[in-house]
Amino acid sequence: MSWDEIVGLALTAALIGGVVGAALGVLVARSGVTLSERQERITQTYARWLAARLTFSRASASFVAAFRTLAAERRDSPQFPLRMEEAQRARVSWSEASRDLDFAEAMLLTSIHDPAIDRGLGGFEHVSAEALRALVAGESKGVEKWLQELHAADRRALDFVRAATANTHGNQSIWCKRLAHLTTTIRSIVDRWSRG
């Protein structure tokens, strides 16, 4: 093979390698943006669930406090109508918070396909209206214990979200990693060929 043919072959291989490398580089860059956008959506979905969870906890505590205060107020007291309004606002807030939590949980379950979510969410009970009624009518020690459990569940929810969102950052798919490695390999081969 003549010197001209070798140079022509090397230039052709370099050109083909450069085109393939550029195409793979664009593909890797595009998949990186898509991965970054997906991770941001996942983080936002978890954050929305956590916010709904914490709001629901506060609304539940407010519900119990408002109705316990109402129950302790005498009906002929001038404060009774105010306590009644406060209790009704707490009831509406609790209903809205419950609906928001259900929606946020549904979004989490449908937008992120991870079996760990089902297990993780299973550890967080929804406070039912019956449980709230029992707390309103119950002893103050039971309410204090329930509030401690509610705060502990909030801390677990925060830890759950932190762990889940920590896994989404910097966790590239195996195909992105392989594609990046292949691009680097092809570029090094093209560089060696071009240098001769």
Cα Rg, Dmax, segment 78-122, angstrom units: 17.0, 55
DSSP-assigned coil residues among trypsin sites (Lys or Arg not before Pro) in segment 59-165, each with at most 15 further Cβ atoms within 10 Å: 74, 75
For a quick check of understanding: with a 1.4 angstrom probe and all protein chains in place, what accessible area in square angstrom does residue 43 have, to the nearest ten? 40
Honestly segment 81-155 on the Cα gyration tensor test (a ≥ b ≥ c root eigenvalues; a/c under 1.5 rounded, otherwise a/b vs b/c for prolate or oblate) is just oblate
With a 1.4 Å probe and all protein chains in place, put 159, 76 in order of accessible area, largest first. 76, 159
Cα-Cα P(r), segment 32-162, percent of pairs per 5 Å interval: 2, 10, 17, 19, 16, 12, 9, 6, 4, 3, 1, 1, 0, 0
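Provide the FRET efficiency to the nearest 0.05 for the residue 156-residue 41 pair, computing r from the beta carbons and using R0 = 25 Å. Write out the running numbers ahead of the final one.
Details: r = 24 Å, r/R0 = 0.95.
Calculated value: 0.60.
The values are calculated or read from the model by the stated rules, or taken from the named source; none is laboratory data. None of the values given here were measured: they were computed from a predicted structure. Cβ: placed from backbone, ideal geometry, glycine included. Neighbour counts: every protein chain shown. Note: accessible area is taken over every heavy atom of the protein model, side chains too, but ligands, DNA and RNA are not part of it. Shrake-Rupley method; radii C 1.70, N 1.55, O 1.52, S 1.80 Å.
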